[in-house]
Amino acid sequence: MNVGIIGAGFVGLTLATILGSRGYNTTLMDSNLDKINKIKNGILPFYEPKLKTFLQKALKHSLNLTTDSKYIVNNCKIIFVTVGTPTLIDGKSNLSHIKKVVGSIALNLKKTKNRPIIVIKSTVVPGTSEIIKQTLEKKLGKKSGVGFGLITNPEFLSEGSAVNDTLNPHVIVIGGIEKKFINIMKKFYQGFHKKNIPIITTNPQTAEMIKYANNSFLATKISFINQLANISQQLPGVNIDDVAKTIGLDPRIGIPFLKAGPGYGGSCLPKDINAFITFSTQLGYHPALLKMVKKTNEEQIMSIFSQIKKILGKIREKQITILGLSFKEDSDDIRESVSIKLIQLLLNAKAHIVVHDPLAIKNTKEIFKNKILYAKSIHESLEKSECVVIMTPWRQYKQLSDKDFQIMKKPIVIDTRRLLINKNLSVDYYATGVGK
Ligand SMILES: NC(=O)c1ccc[n+]([C@@H]2O[C@H](COP(=O)([O-])OP(=O)(O)OC[C@H]3O[C@@H](n4cnc5c(N)ncnc54)[C@H](O)[C@@H]3O)[C@@H](O)[C@H]2O)c1
């Protein structure tokens, strides 16, 4: 079966690569020529563990790359749409990329007899599928439009584990109106996944809602545990990780996403919570809980900043090291990373900043240019600093010990992820969520 994918980001490239490596005749299209050329040459436009090996295999087998959707619309039975849906300034989800893609699919559909199933994988607010359907029908004229399929199939992968999540998703959601197309997609996934993965079939608007419900709950868990961490920090001896681990054992709660820290970031949770709050408000419903989840998250990085100020007394002219820039480990993605927000706050307070990250330096340079120093090693980043803040839980930072901090002008360690909590450091050590 010929499969087309439009949008070569984390979601689209991962899916295309895995399908291609498995022998599916896959064509990946992106409007960014530079990106397409890189991928053609086996170069990943971003870091994602394991993806390079799969890409090399896919390129040898059956992955084609293009900047033109014509071939896909003419030849593919299934077309996955995986373009970005960022938020607009007013908080609404920006559907312009989706609309552009749908427009060009419609244009090409007019000239072909092929009637593919268009599968929307991008995260879109409830009701978007209906808008897409009407747009397609309008552009095609009722008669010629008959026959194409439209399915909403939200994606749940996480950056840093995108390959594993694509190979072994916890669920597959297929939202559609026509049974025929739902069944084709069901068969497609059953053929692709050897294991029994739960497949939920529903209508498009419920499928769209499921994705926002999922991310809203994950963000709620993070803000909840961060609030508990802030309370715990006021209580000598209380350790938030023991609290989280224990409540997580209650099957009604569950352990994942109960890791206290500096707040959530990345390309999904902040934008999806924002879009969902705006969407709900427009419906006339005030989503009080979600608004507090968002506010709690925004306040969390402010509370780390206040903690630094309180510990250092004065920030102006002091050299501070930030360990970790990506929004999570095993990623070079700094979109909405709280490290970037903290650096900006510290720069506003006239601190001198030195940063280290195993992968995200290049992306960070695009934001801060020469306003901060970029260290090549952890050792170099600590030299002459008066405080170090551990932000991203990279495994390299877990190896640090007392002697690594001796090179600092003043060894003050603020560990927002509690990576070094069990090391009994003799330096001045503060762990987020642990009362001192
Ligand atoms: N990244 C994640 O972890 C993740 C997880 C689940 C769901 N999602 C959702 O999946 C969607 C894609 O996310 P992503 O992180 O892969 O996005 P991304 O920003 O990494 O990539 C999107 C790609 O689409 C391309 N594009 C934009 N307009 C185009 C057009 N008109 N024609 C062809 N290509 C076009 C861009 O050049 C880019 O390469 C979003 O809706 C996102 O919310 C993302």
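The values are calculated or read from the model by the stated rules, or taken from the named source; none is laboratory data. Quick caveat: nothing in here was measured; it's all calculated off a predicted structure. Glycine gets a Cβ as well: all are built from the backbone with ideal geometry, and neighbour counts include every protein chain shown.
With small (Gly, Ala, Ser), in contact with a strand residue (DSSP E or B) (Cβ under 9 Å, 6 or more places away or on another chain) and under 20 Å from residue 263 (Cα atoms) as the only criterion, which of 339, 331, 385, 326 stands out? Step through it out loud before you land on a result.
Details: 331 fails: in contact with a strand residue (DSSP E or B) (Cβ under 9 Å, 6 or more places away or on another chain); 385 fails: under 20 Å from residue 263 (Cα atoms); 326 fails: in contact with a strand residue (DSSP E or B) (Cβ under 9 Å, 6 or more places away or on another chain).
Testing whether each residue is small (Gly, Ala, Ser), in contact with a strand residue (DSSP E or B) (Cβ under 9 Å, 6 or more places away or on another chain) and under 20 Å from residue 263 (Cα atoms) leaves just 339.
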Could you list, in sequence order, all residues of the range 30-46 that are under 16 Å from residue 62 (Cα atoms) and free of Cβ contacts under 8 Å to residues at least 24 places away in the same chain? 41, 42
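Results for (1) of a type outside the set (Val, Ile, Thr); (2) surrounded by 17 or more Cβ atoms within 10 Å (Cβ to Cβ); (3) more than 9 Å from the ligand (Cβ to nearest atom), shown as yes or no for each residue.
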site	(1), (2), (3)
5	no, yes, yes
20	yes, yes, yes
41	yes, no, yes
76	yes, yes, yes
Do we find a residue being outside the structural domain of residue 118 (by TED's automatic domain parsing), within 16 Å of the ligand (Cβ to nearest atom) and surrounded by 18 or more Cβ atoms within 10 Å (Cβ to Cβ) anywhere in the range 238-252? no
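Only one residue in 45, 49 is farther than 18 Å from residue 2 by Cβ and more than 12 Å from the ligand (Cβ to nearest atom). Which one? Write out each step before concluding.
Details: 45 fails: more than 12 Å from the ligand (Cβ to nearest atom).
Testing whether each residue is farther than 18 Å from residue 2 by Cβ and more than 12 Å from the ligand (Cβ to nearest atom) leaves just 49.
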Pick from 345, 325, 283: which is without any contact (Cβ under 8 Å) to a residue 60 or more places away in the chain and touching a helix residue (DSSP H, G or I) at 6+ places or on another chain (Cβ under 7 Å)? 345
Conditions (1) under 23 Å from the mean Cα position of the chain (by Cα); (2) surrounded by fewer than 15 Cβ atoms within 10 Å (Cβ to Cβ); (3) within 12 Å of the ligand (Cβ to nearest atom) -> residue 103 fails only (1)
Could you check, for the range 373-390, whether at least one of its residues is farther than 24 Å from residue 302 by Cα and in contact with a Lys or Arg (Cβ under 9 Å, 6 or more places away or on another chain)? yes
